[in-house]
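Engineer: Can you keep this structure in mind? I'll have questions shortly.
The values are calculated or read from the model by the stated rules, or taken from the named source; none is laboratory data. Source: prediction; values computed, not measured. Every residue, glycine among them, receives a Cβ derived from its backbone with ideal geometry; neighbour counts consider all protein chains shown.
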Number of protein chains: 2
Amino acid sequence: MLPRRRPRALGAAALLLLLLLLLIGFFLFDGRLRGAAALDGDPLAEQGGHNRSDCGPQLPPKCELLHVAIVCAGHNSSREVITLVKSMLFYRKNPLHLHLVTDAVARSILETLFHTWMVPAVRVSFYDAEELKPQVSWIPNKHYSGLYGLMKLVLPGALPSGLARVVVLDTDVTFASDIAELWALFAHFSDKQVIGLVENQSDWYLGNLWKNHRPWPALGRGFNTGVILLQLDRLRRAGWEQMWRVTASRELLTLPATSLADQDIFNAVIKEHPGLVQPLPCIWNVQLSDHTLAERCYSEASDLKVIHWNSPKKLRVKNKHVEFFRNFYLTFMEYDGNLLRRELFGCPSQPQPGADPLQRALAQLDEEDACFEFRQQQLTVHRVHITFLPHEPPPPRPHDVTLVAQLSMDRLQMLEALCRHWPGPMSLALYLTDAEAQQFLRFVEASPVLSARQDVAYHVVYREGPLYPINQLRNVALAQALTPYVFLSDIDFLPAYSLYDYLRASIEQLGLDSRRKAALVVPAFETLHYRFSFPTSKAELLALLDAGALHTFRYHEWPQGHAPTDYTRWREAEAPYRVQWAADYEPYVVVPRDCPRYDPRFVGFGWNKVAHIVELDAQEYEFLVLPEAFTIHLPHAPSLDISRFRSSPTYRDCLQALKDEFHQDLSRHYGAAALKYLTALQQQPRSPA
Amino acid sequence: MLPRRRPRALGAAALLLLLLLLLIGFFLFDGRLRGAAALDGDPLAEQGGHNRSDCGPQLPPKCELLHVAIVCAGHNSSREVITLVKSMLFYRKNPLHLHLVTDAVARSILETLFHTWMVPAVRVSFYDAEELKPQVSWIPNKHYSGLYGLMKLVLPGALPSGLARVVVLDTDVTFASDIAELWALFAHFSDKQVIGLVENQSDWYLGNLWKNHRPWPALGRGFNTGVILLQLDRLRRAGWEQMWRVTASRELLTLPATSLADQDIFNAVIKEHPGLVQPLPCIWNVQLSDHTLAERCYSEASDLKVIHWNSPKKLRVKNKHVEFFRNFYLTFMEYDGNLLRRELFGCPSQPQPGADPLQRALAQLDEEDACFEFRQQQLTVHRVHITFLPHEPPPPRPHDVTLVAQLSMDRLQMLEALCRHWPGPMSLALYLTDAEAQQFLRFVEASPVLSARQDVAYHVVYREGPLYPINQLRNVALAQALTPYVFLSDIDFLPAYSLYDYLRASIEQLGLDSRRKAALVVPAFETLHYRFSFPTSKAELLALLDAGALHTFRYHEWPQGHAPTDYTRWREAEAPYRVQWAADYEPYVVVPRDCPRYDPRFVGFGWNKVAHIVELDAQEYEFLVLPEAFTIHLPHAPSLDISRFRSSPTYRDCLQALKDEFHQDLSRHYGAAALKYLTALQQQPRSPA
C-alpha cells in the first residue's frame, strides 16, 4: 500500500507544481509574448486584437519622470509639433521632460511658446541641430525630412550621458492614449534589446512596389521609426555610433542614398543584428501612409494609441477612414492649449519660472472688486507663438521701418489691402483661439497676395479672458520687429502707397539715428465709405478732404486725439515741423525700435495709445509731423469692447481707475516733470478714450 | 524513513496547494476586494491609490452595446447634458444607447440636436417625464433638481422591461475615461447586489454639519446618486417599486421632505437593505460639492474617471483645485462636437437616418472641381441646437409677426440695439463654434437688455466648412418662428421703432390671412455713420434722406436690388401699393410663416435673397409696399465672404454656376411661367450679387 501511496502523493505534488508554474508563467509572461509577437503571423491584427481584453504592461509609478526626444526644424514643423505635444499632454499623467533638437528658428519659436505656456510638470531642454549636422551630413538622403530626419541616429550621443531611456517621436504623430503606457513597454526589453519599434505598415521594404524598386535591407516589412523606444545606456555601451555608421557606409557603396532617412539605416542595422529590436504592438504607431496596411491593425484593435501621419500629404492622404483620423488630429490641433495648464495632483511640482509670483498675484485678487475682470486680464500670461508662418527676416538696412499692428479674426480681411499699401516688413500680433489660428493659416494659404510675402511676421497670441489685451498684443509685435525703426499703426488704417519709401527717406534726410529721441507723426484721416479711391498724393487727399469724402481722424467723436498734429499747418507744410504734446494726444508715429513699451494695464477699449504717447513725451521724444505722410482709417462696426464701454458705467469707472493709477506711477517715475500730465487730466472732461 | 517521508511529500503538496490557491485568489479577487472596500477605513483614498497599479476589471467585448439613462428637463439642463454627452463620446469605444427622460422642451431640443449630429453607433430613445410625474409628485422635496431628480427612482419601471442593466447619470457629471470601464464594474456585483454607487464625499449624512441638522438615514457617509449602476432585471424581481415607496413613506412620517431628492431615498433604502449595494471606487464619482472630501480620493489616484459638479454653484464652486476641474469641464464644453462623428472600426454600424445617402453624395463630389467647396458646403448637415437659451413662446395672436434673422459672432453687438427697436418675438439663427456658443451665453448673461427678453429664441447652428451657409441659417430661424407671420430681415438692419406695431396693424387692416399670398415690403435704407440719431418717423427719415445723411439701401453699389420698391412713389404714398418683380429684386418682406424656404444651394456671398424673392414671385405672392414702414442698414466692414467674392474669379464663377442651376430647376418646376426669370437673367449684366 504504502509504496503505492508515495508516488501518488508525489505525483499530486508534481502536478500542482506544474499547474503553479503554468499559472505564474501565464500571468508574468503574457505581456512579453504579445510584445514579441510582432514578426510572425499577422502581427498587425493580432496585437490590436489582444489589447482590449487585458491591461497590458504595468504602468510606471505615479509621478515618475518620462523623457521624450523630438527633432524639430523650421516654421512648419514647429507648428506641427505643437499638435503632438498637446495630444501627449492631454492624456499624460506623469511629469515629462522634452528633449528638443532644433534649428535656430524652431528654438526661438518653441522657447517662447513653452515659456509663456507654463504647463505644470513639463521640463524642456533644447539641443542645437547645427552642431549635430556634421555627424549625418555625409549621408546622401532623398527623404523630405532632409538632414533632420537622420539626426535620430545620433541621439544616444547628443542627449545627456546620464539619460538611460527615451521615447523618440516624429513631429507628425498624435497620441490617443497616455504616453506612460508606451513607456511601460521598456519593461518588455530583454537584456540584449535596445530599440523598441513598430513594424512598418506598408510593403515598401518588401521591394515589390514597382519594377527595379530597390529599398534598403530590412527584416520582412521592416520597422517604422516614427515612434522609437531607445535604451540609451545600452546603445552607448553596445557602440551604437560605430554600428550604424559601418552599416550605412557599407550599404551606400551599392545604394545611391537613403530614401526614408534614418529609417533605412535603423532597418539595415536591425537586419544585421535582429537581437537589438523589441517589436512593439502595432497600435503604438498606426501609419497612415498611402497604401497603408494599418487597417489590419486598427479594425481589430478597440483602442488606438498613436497615429502617425507618415505621408508627405499628411492630412490630405487618401484613406477610406481618413475622416476618422483627421477628426482625431483636428481635436488636438484646435484644442485650447490653455486648458492643458493642469497640475498633477499628488506629485511634487517643479518650480515654474515666473508662474509662482503670478499665481500669488492672481490669488490676491478680490473677486468682488468691480474691476476684477480688468485686474485678472492684466495678470494673464498669454501663450505666444511667434512667426506662426514661414518668415524671412529683412536684410539689415540702416533706415528700414517695420509696420507694427495687432488684430483679431474680424480684421483678417484687412491684410491683403495692407500688403498692397505697405511693401515693407511688418510685425503683426494676432489674438486668436487655437482653432482660429488654423483658419488664419488656411486664409493666408488661399491668398496669393499674402502667401507671396515672406517679410510679414505673424505672431499668434492665444485668447484668454474677456477683455482684449490690446497693449500686450502691441508689445509682442513690437518686440519682434527687426528693423531699426517701427511704424506703430492700427489694423484699420491703410497707409499712403508711398509711405514706406517716404518714411525711410525722411529718416535718412533728418539724419535720425536710434540715439535721437524722435517720433515722426503720420497724420491720420478717416473715410466713412467702404469703397473709395484711395488718394495717391497729398493733393488728392486734400481734395477729398475739401469734398467731405474724407475727415481728419475721429474729428466728430474725439478731436483732441489728433488736434495737436495741427492739420491746418500740415496742409501748407513742406518740411517736417515740431508739435507739442497735449492731453489725450494719440498720433500714429514712427520711432526707434527700442522705444518705450505700451502699458499692459490698459486692456479692452480706451486710453491704451494715449498712455504710450504720454510715456514718449515724458521720455522727451520730440514729435515731428511729416508733411507728405498720411494714413487713412477705413470704416468698421464698433468692436464688442467699445460697445461694452459705451453701455457699461462700471467699464468706464474701471478705465478711469486705470488712468489714475497710471498717473500715480508716472509721477513716481518722473517726479515733478510728470505734473503736467496730471494737471492736463484734471482740466480735461471725462471722455470716451 | 518512509513514514517520515510521506508526510513531507504530503506537506509539500499541501504547501503547493496553499500557494496555488493564494495565487489564484490574488489574481481573481483583487478587483472584487477593492470594489467592496468602500465602507471601511478610508475608502476614498484607498480605492484611488490602487487604481493605477493594476488594470481593474475586464472591459466588455468590443462592439457590445452599453445603455445610459439620463433625466433632463428645461433649456439649461439640455445645454448642460451636451457637455456630459461629449465627454462620454470622446472616450467611448462601444456603441451607446441613450435613454433620455425629458420634458417637452428638452425633448424638442435634444431630438433636433441628435438628429443633426449624426454620431455613428449612438441610439437615442426618449421617455416622457410628464407621464412619470404622478409616481413621484407625492414626495415633498427641497432639492434644486425638483421633481425631475426623483425620477431616477422609477427608471426600473419606465425603461423597457427587456433592459437588464443601465448606467444612470446626472446631467452635471463629466467623463474623464471610457464608460466601458464603468460598465465593467457590473461584473463585481454579487447575486444579491442590484445598485452600484460611490460613497458620498461629504459629511452631510453624518448629520453633524450644523445644530439640529437632521439628514435622512444612511450607511455612514451614505452614497451619492450622480452615477448609478442599476441591475434593472434584479430590481424588478426584488420588488423595487414597493421597496422604495414603503421606506420613503415611513421616513416622511418624521421628516418634512427630501433634501437631496432621490439620493435621500436611495440611502434610506440601502440603510435598510445593505446587501443591495455594490460600493464603487471613488474615482467614478469625484464630487465637487462645497466642503467636499474628494481630494482624499483624487490626490491618491493617478486617474480620475468621472467628475461630478454636484454643487448648485457648479463651476463657480469654491475648491482649491477647481481650476483643474474647470479646465477639464471647459475641454468638453468648448469641444467641437462635429469631431465626434467618428465611426467605430470593426463594429457593424447601425443605419443612420439620412446619413447614408448624404455620405454617398459627398463621396461622389469631385475634389478637383473648382466649386468643390460650394458643393461640399451645400451638403453639410450642421448640428443644430434650437432655443439654446431659456425661451417663452409668444401667446398665440392672429396678426403677430416674428423677426427672423441670422448672424455670427462678429454681429453680437447688434443684438441689444435690435431688441430696443423690435419689442416683439424674434427667431435668430447663430452660426457659431461650440466655444463661441459659450461666449455668446456669457454675452447675453452680462446684458440686462438681452437677459430681460424671453421672447427672443436663439438657435445655434454649429460651424462647419469654409463658406457661410446663409440660407440654411435663415431656414433654421424661419422653421422655429411660432407666429402666423414673419419679418425676414438681416442682422445689420434696425427697423423703425414703430415697425412691430405697424406691421401687425397693417396685417389686420389689409385683412390678410395665411391663405392670401402677400409679401409686405419694408423699404430699406442705409447710413454710413456709426452714430446717428435714428429717425422716429417717416418725416424725419425723409429729412435725413434729403440731407444726404441717409441713402436708399445700396444705392451706390447695387441699385437694382431695391429699385422696384419705387422710393419716389413711397415718399408720397399714404396707402400700401403693389409693385412688380424685376430682375435682382431683394426687398425685406413680411410673409406668412408657411412661405417658401430659402434655397440652401446659395452659400457664402451673393444672390441668396434674390433667389428667395424669385421663388415668392413664381408662387404668385403679390408685393405690397407699406407707406410707413422702413428699416435702416448700419455700416460694417465687408464680410470675409464678400472680400473673397471680390478677390476671387473662381468664387464669382461658382456663384454664376449656382444661379444657372437655380434657373434650370425653376423652369423644371414652373415651366413656361419661369421663362421671364431666365430672360431677365440673360438681359442683365453679370453683377456683384
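Engineer: Of the conditions (1) of a type in the set (F, W, Y); (2) more than 10 Å from chain A (Cβ to nearest Cβ); (3) in contact with a Phe, Trp or Tyr (Cβ under 7 Å, 6 or more places away or on another chain), B:F345 fails just one. Which one is it?
Structural biologist: So B:F345 meets the others, but not (2).
Engineer: While we're looking at this one, here's another question. Going residue by residue through segment B:207-221, is there one that turns out to be within 30 Å of B:Y335 (Cα to Cα), touching a strand residue (DSSP E or B) at 6+ places or on another chain (Cβ under 9 Å) and either of a type in the set (K, R) or surrounded by 17 or more Cβ atoms within 10 Å (Cβ to Cβ) (or both)? Show your work before the answer.
Structural biologist: Of the residues in segment B:207-221, the ones within 30 Å of B:Y335 (Cα to Cα) are none.
No, segment B:207-221 contains no residue that is within 30 Å of B:Y335 (Cα to Cα), touching a strand residue (DSSP E or B) at 6+ places or on another chain (Cβ under 9 Å) and either of a type in the set (K, R) or surrounded by 17 or more Cβ atoms within 10 Å (Cβ to Cβ) (or both).
Engineer: Please tell me if B:Q377 is surrounded by 14 or more Cβ atoms within 10 Å (Cβ to Cβ), out of contact with any helix residue (DSSP H, G or I) (no Cβ under 8 Å at 6 or more places or on another chain) and at pLDDT below 80. Don't jump to the end; show me each part of the working.
Structural biologist: Details: surrounded by 14 or more Cβ atoms within 10 Å (Cβ to Cβ): yes; out of contact with any helix residue (DSSP H, G or I) (no Cβ under 8 Å at 6 or more places or on another chain): yes; at pLDDT below 80: no.
Here the answer is no, as B:Q377 does not meet what is asked.
Engineer: Of B:V522, B:V449, B:V444, which residue is among the aliphatic types (A, V, I, L, M) and over 33 Å from the mean Cα position of the chain (by Cα)? Spell out the reasoning first.
Structural biologist: Details: B:V449 fails: over 33 Å from the mean Cα position of the chain (by Cα); B:V444 fails: over 33 Å from the mean Cα position of the chain (by Cα).
Just one listed residue meets the conditions, B:V522.
Engineer: Quick one: would you say A:T247 is of a type in the set (V, I, T) and at pLDDT below 95? Can you show your working first?
Structural biologist: Working: of a type in the set (V, I, T): yes; at pLDDT below 95: no.
Answer is no for this residue.
Engineer: Here is a further query. Residues of segment A:551-592 being under 42 Å from the mean Cα position of the chain (by Cα) and among the charged types (D, E, K, R), which ones?
Structural biologist: The answer is A:R554, A:E557, A:D584, A:E586.
Engineer: May I pose another question? With segment B:487-551 as the region, which strands (runs of 3 or more DSSP E) entirely inside it contain at least 2 residues that are away from chain A (no Cβ under 14 Å), among the polar types (S, T, N, Q) and touching a strand residue (DSSP E or B) at 6+ places or on another chain (Cβ under 7 Å)?
Structural biologist: Working: elements: B:493-495, B:518-522, B:524-526.
Filter on segment B:487-551 gives an empty set.
Engineer: Identify the residue in segment A:296-312 that is within 30 Å of the chain's Cα centre (by Cα) and more than 9 Å from every other protein chain (Cβ to nearest Cβ) and, among all such residues, is farthest from B:D178 (Cα to Cα).
Structural biologist: From segment A:296-312, those within 30 Å of the chain's Cα centre (by Cα) are A:303-312; that's our starting set.
In the following step, the residues that additionally are more than 9 Å from every other protein chain (Cβ to nearest Cβ) were identified as A:305-312.
Numbers: A:K305: 14, A:V306: 17, A:I307: 19, A:H308: 23, A:W309: 25, A:N310: 28, A:S311: 30, A:P312: 33 Å.
Only one residue fits best here, namely A:P312.
Engineer: Oh, and also: Looking only at segment A:267-278, decide whether some residue is of a type in the set (V, I, T), touching a helix residue (DSSP H, G or I) at 6+ places or on another chain (Cβ under 9 Å) and part of a helix (DSSP H, G or I). Walk me through it before giving the result.
Structural biologist: We begin by selecting, within segment A:267-278, every residue of a type in the set (V, I, T); these are A:269-270, A:277.
Then keep just the ones that are touching a helix residue (DSSP H, G or I) at 6+ places or on another chain (Cβ under 9 Å); that gives A:269-270, A:277.
If we keep only those that are part of a helix (DSSP H, G or I) as well, we get A:269-270.
Within segment A:267-278 (the criterion being of a type in the set (V, I, T), touching a helix residue (DSSP H, G or I) at 6+ places or on another chain (Cβ under 9 Å) and part of a helix (DSSP H, G or I)), the answer is yes, since at least one residue qualifies.
Engineer: Right, next: Quick check on my filter: what residues within segment A:371-395 are touching a Pro at 6+ places or on another chain (Cβ under 8 Å) and under 15 Å from A:A429 (Cα atoms)?
Structural biologist: A:H382
Engineer: While we're looking at this one, here's another question. Pick from A:A248, A:A261, A:A238: which is of a type in the set (G, A, S) and at positive phi?
Structural biologist: Numbers: A:A248 fails: at positive phi; A:A238 fails: at positive phi.
After applying the criteria, what remains is A:A261.
Engineer: Could you please find all residues in segment B:405-420 being surrounded by fewer than 20 Cβ atoms within 10 Å (Cβ to Cβ) and under 20 Å from B:L482 (Cα atoms)?
Structural biologist: Of everything in segment B:405-420, just one residue is surrounded by fewer than 20 Cβ atoms within 10 Å (Cβ to Cβ) and under 20 Å from B:L482 (Cα atoms), namely B:C419.
Engineer: Report, ordered by the first and then the second residue, all pairs with beta carbons closer than 8 Å, sequence separation of six or more or different chains, a first member in segment A:377-393 that is within 18 Å of A:D599 (Cβ to Cβ), and a second member that is acidic (D, E).
Structural biologist: Note: pairs meeting the criteria are A:T380/A:E464; A:H382/A:E464.
Engineer: For segment B:406-483, which helices (runs of 4 or more DSSP H) that fit wholly inside it have 1 or more residues that are within 30 Å of A:A437 (Cβ to Cβ) and within 13 Å of chain A (Cβ to nearest Cβ)? Outline the logic, then answer.
Structural biologist: Working: elements: B:415-421, B:434-446, B:448-451, B:470-479.
Hits in segment B:406-483: B:415-421, B:434-446, B:448-451.
Engineer: Among the numbered conditions (1) modelled with pLDDT of 80 or more; (2) within 13 Å of chain B (Cβ to nearest Cβ), tell me where A:R316 comes up short.
Structural biologist: Status for A:R316: all satisfied but (1).
Engineer: Spot the failing condition for B:F388; the list is (1) within 13 Å of chain A (Cβ to nearest Cβ); (2) buried (at least 21 other Cβ atoms within 10 Å of the Cβ), and only one is missed.
Structural biologist: Condition (1) is where B:F388 drops out.
Engineer: Another question about this same structure. I'd like the full set of residues that are at pLDDT 80 or above, in contact with a helix residue (DSSP H, G or I) (Cβ under 6 Å, 6 or more places away or on another chain) and either assigned to a loop (DSSP other than H, G, I, E, B) or not hydroxyl-bearing (S, T, Y) (or both), limited to segment B:645-689. Before you say what the answer is, go through the steps one by one.
Structural biologist: Just the residues of segment B:645-689 that are at pLDDT 80 or above, to begin with: B:649-680.
Narrowing the set further to residues that are in contact with a helix residue (DSSP H, G or I) (Cβ under 6 Å, 6 or more places away or on another chain) leaves B:651, B:654, B:662-663, B:666-667, B:670, B:674, B:677-678.
Correct list: B:C654, B:F662, B:H663, B:L666, B:A674, B:L678.
Condition check ((1) at pLDDT 95 or above; (2) out of contact with any Leu (no Cβ under 6 Å at 6 or more places or on another chain)) across all residues:
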{"residue": "A:K142", "(1), (2)": "no, yes"}
{"residue": "A:G146", "(1), (2)": "no, yes"}
{"residue": "A:L155", "(1), (2)": "yes, yes"}
{"residue": "A:R165", "(1), (2)": "yes, yes"}
{"residue": "A:Q201", "(1), (2)": "no, no"}
{"residue": "A:W204", "(1), (2)": "no, yes"}
{"residue": "A:L219", "(1), (2)": "yes, yes"}
{"residue": "A:M243", "(1), (2)": "yes, yes"}
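Engineer: Scanning for something at pLDDT below 85, surrounded by fewer than 16 Cβ atoms within 10 Å (Cβ to Cβ), out of contact with any Cys (no Cβ under 8 Å at 6 or more places or on another chain) and not polar (S, T, N, Q), does segment B:292-311 turn up at least one residue?
Structural biologist: No.
Engineer: For segment A:28-42, does any single residue satisfy the condition of being more than 23 Å from A:T292 (Cα to Cα), surrounded by fewer than 20 Cβ atoms within 10 Å (Cβ to Cβ) and at pLDDT 95 or above? Working first, answer last.
Structural biologist: In the first step, residues of segment A:28-42 are kept if they are more than 23 Å from A:T292 (Cα to Cα); the result is A:28-33.
Now drop any that are not surrounded by fewer than 20 Cβ atoms within 10 Å (Cβ to Cβ), which leaves A:28-33.
Now restrict to residues that are at pLDDT 95 or above: none.
For segment A:28-42, residues more than 23 Å from A:T292 (Cα to Cα), surrounded by fewer than 20 Cβ atoms within 10 Å (Cβ to Cβ) and at pLDDT 95 or above: absent.
Engineer: Something else now. Does at least one position in segment B:400-413 carry a residue that is free of Cβ contacts under 8 Å to residues at least 60 places away in the same chain and of a type in the set (S, T, Y)?
Structural biologist: No, because not a single residue in segment B:400-413 is free of Cβ contacts under 8 Å to residues at least 60 places away in the same chain and of a type in the set (S, T, Y).
Engineer: Next question, about the same structure. So, restricting to strands (runs of 3 or more DSSP E) that lie completely within segment B:565-632, which ones have at least 3 residues that are of a type in the set (A, V, I, L, M, F, W, C)? Give the derivation first.
Structural biologist: Working: elements: B:577-579, B:588-592, B:622-625.
Because the criterion is at least 3 residues that are of a type in the set (A, V, I, L, M, F, W, C), the strands (runs of 3 or more DSSP E) in segment B:565-632 that meet it are B:588-592, B:622-625.
Engineer: Okay, moving on. Taking segment A:221-256, which residues are more than 22 Å from A:V68 (Cα to Cα), outside any helix (DSSP H, G or I) and in contact with a helix residue (DSSP H, G or I) (Cβ under 9 Å, 6 or more places away or on another chain)?
Structural biologist: Of everything in segment A:221-256, those that are more than 22 Å from A:V68 (Cα to Cα), outside any helix (DSSP H, G or I) and in contact with a helix residue (DSSP H, G or I) (Cβ under 9 Å, 6 or more places away or on another chain) turn out to be A:R221, A:G222, A:L255.
Engineer: Conditions first: (1) surrounded by 21 or more Cβ atoms within 10 Å (Cβ to Cβ); (2) under 20 Å from B:N471 (Cα atoms). B:H633 passes all but one, so which condition is the exception?
Structural biologist: The single condition B:H633 does not satisfy is (1).
Engineer: Just one of (1) crowded, with 23+ Cβ neighbours inside 10 Å; (2) more than 14 Å from chain A (Cβ to nearest Cβ); (3) in a loop (DSSP other than H, G, I, E, B) trips up B:D264, so point out which.
Structural biologist: (3)
Engineer: Further question: With A:A180, A:A104 as the choices, which residue is surrounded by fewer than 15 Cβ atoms within 10 Å (Cβ to Cβ) and either touching a residue at least 40 places away in the same chain (Cβ under 8 Å) or not hydroxyl-bearing (S, T, Y) (or both)? So that I can check it myself, show each step before the final result.
Structural biologist: Working: A:A180 fails: surrounded by fewer than 15 Cβ atoms within 10 Å (Cβ to Cβ).
Being surrounded by fewer than 15 Cβ atoms within 10 Å (Cβ to Cβ) and either touching a residue at least 40 places away in the same chain (Cβ under 8 Å) or not hydroxyl-bearing (S, T, Y) (or both) holds for just one of A:A180, A:A104, which is A:A104.
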